[in-house]
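The values are calculated or read from the model by the stated rules, or taken from the named source; none is laboratory data. Bear in mind that the values here come from a model prediction, so they are computed numbers and not experimental data. No Cβ is skipped: glycine too gets one built from the backbone with ideal geometry, and neighbour counts run over all protein chains shown. Side chains are part of the model used for accessible areas, which takes the heavy atoms of the whole protein and leaves out ligands, DNA and RNA. Shrake-Rupley method; radii C 1.70, N 1.55, O 1.52, S 1.80 Å.
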Amino acid sequence: MADLTALTSSAYNQALEVIASVEPRIAEATRQELADQRASLKLIASENYASPAVLLTMGSWFSDKYAEGTVGHRFYAGCQNVDTVEALAAEHARELFGAEYAYVQPHSGIDANLTAYWAILAHRVEGPWLQNAGVKNMNELSEADWEKLRGELGNQRLLGMSLDAGGHLTHGFRPNISGKMFHQQQYGTDPETGLLDYDALAAKAREFKPLIIVAGYSAYPRRVNFAKMREIADEVGATLMVDMAHFAGLVAGKVFTGDEDPIPHAHVVTSTSHKSLRGPRGGFILATEEYAPSVDRGCPMVLGGPLSHVMAAKAVAFAEARRPDFQTYAQNIADNAQALAEGFLKRGIKLVTGGTDNHLVLLDVSPLGITGRQAESALLDSGVVTNRNSVPSDPNGAWYTSGVRLGTPALTTRGLGGDEFDQVAELIVNVLRKTSPGTTAAGAPSKASYAIEDGVAERTKAAAAELMDRFPLYPGLDLS
Ligand code: PLP
């Protein structure tokens, strides 16, 4: 077999030369981005490093093709190769997750959620309404009936996890479109333990009677019992939608099985392909056969024309995730998160829920007297890339926050193990303990600026770069 590393090196060097002939500053920024990613500790829980095969797949002329519609049913001519790509990506997704149906067009996780909401409304509200009215589609309705149907569609209820408990903006957060298109209520976590309280959720569902219950999270460091969620949904007649954007890699890699695997329990599952799943930036939807016809109309009813080059890269990434070594990778993600959590706990750092059993940990930095924003900035200047995050009932709100979210998928891809994650915890704790709140230019207390003891950021940055040198990103890929 050809030396893939050498081929990748020469492919990128030649591609950058072509780009530089038009806009050298873009070629330079692309080189610099690799250098920066190589040197820093990437602990953003939603990021990863896709393989060269996935990245290279995106740089093709599939980008030039319009293909609204679905496989075999396009609004544009000449889509035979896009059909091949989309059908393959969907087949890999179905096989990988054991799903009845897969839709690989959503451009991102948010697009997947909007498409899923629309499909659920179409299946649960619009379809039966049209049937009752004795018509096949909306265009046959009188103006008055059309207004009535619009009223029905706009009058539905959604129950999702609140943002500060770890849910996502699209799960019914008021300022988000999801909070405006539905009457929404939110469920949270137990104030004592920080864990999901299924009894409280069930009680809320019984009272609120939502059309849709959304499970899934961006910043909850624990597993979810989807069998229990489905029982609650069934009891109140709701559709269970699971947003597995964050933990799709752990589902694909069979770390989450049984009650923790959303596919057998949910009616509709949405996801991104670029987080723990390690594919290209994008989204996808899995569903039961019952919901498939509505989801399949996502484009052009909700989505713009499919990004065929990205669908091709999704096919490659799903094929990678079907290989046995992906299961080892997924298990390592979870084991490393445990090691990271233990590293913080033994150094006296407070963790939301007291630990983790997925791919992320959520530090509560308030006992250190700093905000999440100050912690994030001090760490970034020390070569550690994280993101600030609210903790439950956060007194500092969603902008400054009291938390920092860290995830293990990216550095696990680089090969770090438990010992190295303990070292990472040590570096982070050292920075945080030597960081204090700064002041504004006028000398007032600030929630944003910070002060750090002399030399700490520089020493940490050097230690991070040294650690990263031992685990090279894209080993053998040399940009000349
Ligand atoms: N859903 C969840 C749970 C997420 O965490 C995110 C990303 O932050 C999204 C959806 C949105 O994904 P994207 O940024 O691809 O739209």
Q.
Loop-only GluC sites (Glu not before Pro) in region 379-457, please: DSSP not H, G, I, E or B, and at most 14 other Cβ atoms within 10 Å.
A. Glu453
Q: For region 62-321, give the magnitude of the charge dipole about the Cα centre (Cβ charges: +1 Lys/Arg, -1 Asp/Glu; no others), in debye to the nearest 20.
A: 440
Q. How big is the Rg/Rh ratio for region 363-480, C-alpha atoms only, Rh by Kirkwood, two decimals?
A. 1.03
Q: Obtain the nm distance between the two label points defined at Glu33 and Val135 by a simple spin-label model: each point lies 7 Å from its Cα along the Cα-to-C-beta direction.
A: 4.7
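Only bridges whose two residues both fall in the chain count here: according to DSSP, what percent of them are antiparallel, nearest 5?
Roughly 60 percent of the DSSP beta bridges within the chain come out antiparallel.
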Q | Gyration tensor (Cα) of the chain, equivalent ellipsoid semi-axes in angstrom | A | 38, 30, 20
**Q.** J(HN,Hα) series, region 389-404, from Karplus relation 6.51 cos²θ - 1.76 cosθ + 1.60, nearest Hz, glycine and proline x
**A.** 7, 5, 10, x, 6, 5, x, 9, x, 7, 8, 7, 6, 10, x, 10
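What does the charge count near Asn132 come to, summing +1 for each Lys or Arg and -1 for each Asp or Glu among other residues with Cβ under 14 Å from its Cβ?
It works out to a net charge of -1.
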Q: Taking amide H positions as placed in the peptide plane 1.01 Å from N, state which residues far from Tyr450 in sequence (5 or more) or on other chains have amide H under 5 Å from it.
A: Gly438
Q: Have a look at Gln327, Gly166, Tyr103 and report the one farthest towards the positive end of the charge dipole of the chain, computed about the Cα centre with Cβ charges (Lys/Arg +1, Asp/Glu -1).
A: Gly166
Q) About the Cα centre of region 326-469, what is the dipole size in debye to 20, counting +1 per Lys and Arg Cβ and -1 per Asp and Glu Cβ, all else neutral? A) 460
Q. How much length is gained if the chain between Thr84 and Ala465 is pulled fully straight, taking 0.36 nm per residue apart and subtracting their Cα-Cα distance, in nm to one decimal?
A. 132.9 nm
Q: Pop the C-beta distance of Arg25 and Leu380 into the FRET formula with R0 = 35 Å and round what comes out to the nearest 0.05.
A: 0.90
Q. Where both residues lie in region 62-321, what percent of DSSP beta bridges are antiparallel, nearest 5?
A. 40
**Q.** Table column - 3J(HN,Hα) (Hz), region 55-64, Karplus curve with 6.51, -1.76, 1.60, x for Gly and Pro
**A.** 5, 5, 4, 6, x, 10, 6, 4, 4, 8
Q. Going by accessible area, probe 1.4 Å, with all protein chains left in place, what is the ranking of Leu141, Leu169, Leu163, Leu149, largest first?
A. Leu169, Leu163, Leu141, Leu149
Q) Counting each DSSP H run of 4 or more residues in the chain as -39500 (n - 2.57), what helix-only mean residue ellipticity at 222 nm follows after dividing by all residues, to the nearest 500 deg cm²/dmol? A) -13500 deg cm²/dmol
Q: Please get the size of the charge dipole for the chain, origin at its Cα centre, with Cβ charges of +1 on Lys and Arg and -1 on Asp and Glu, quoted in debye to the nearest 20.
A: 600
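Report in % the part of the accessible area of region 114-161 that belongs to carbon and sulfur, leaving out ligands and nucleic acids; probe 1.4 Å.
43
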Q.
Rolling a 1.4 Å sphere over the protein heavy atoms, what is the accessible area per residue of the chain, to the nearest Å²?
A. 43
(Q) In whole Hz and in residue order, list the ³J(HN,Hα) couplings for region 201-206 that follow from phi through the Karplus curve 6.51 cos²θ - 1.76 cosθ + 1.60, θ = phi - 60°; x for Gly and Pro. (A) 4, 4, 4, 5, 5, 4
Q. Between Ala200 and Ser480, what is the label-to-label distance in nm when each label sits 7 Å out along the Cα-to-Cβ direction?
A. 6.2
Q. Between Thr440 and Gln331, what FRET efficiency comes out of the Förster formula 1/(1 + (r/R0)^6) with R0 = 56 Å and r the beta carbon distance, rounded to 0.05?
A. 0.75
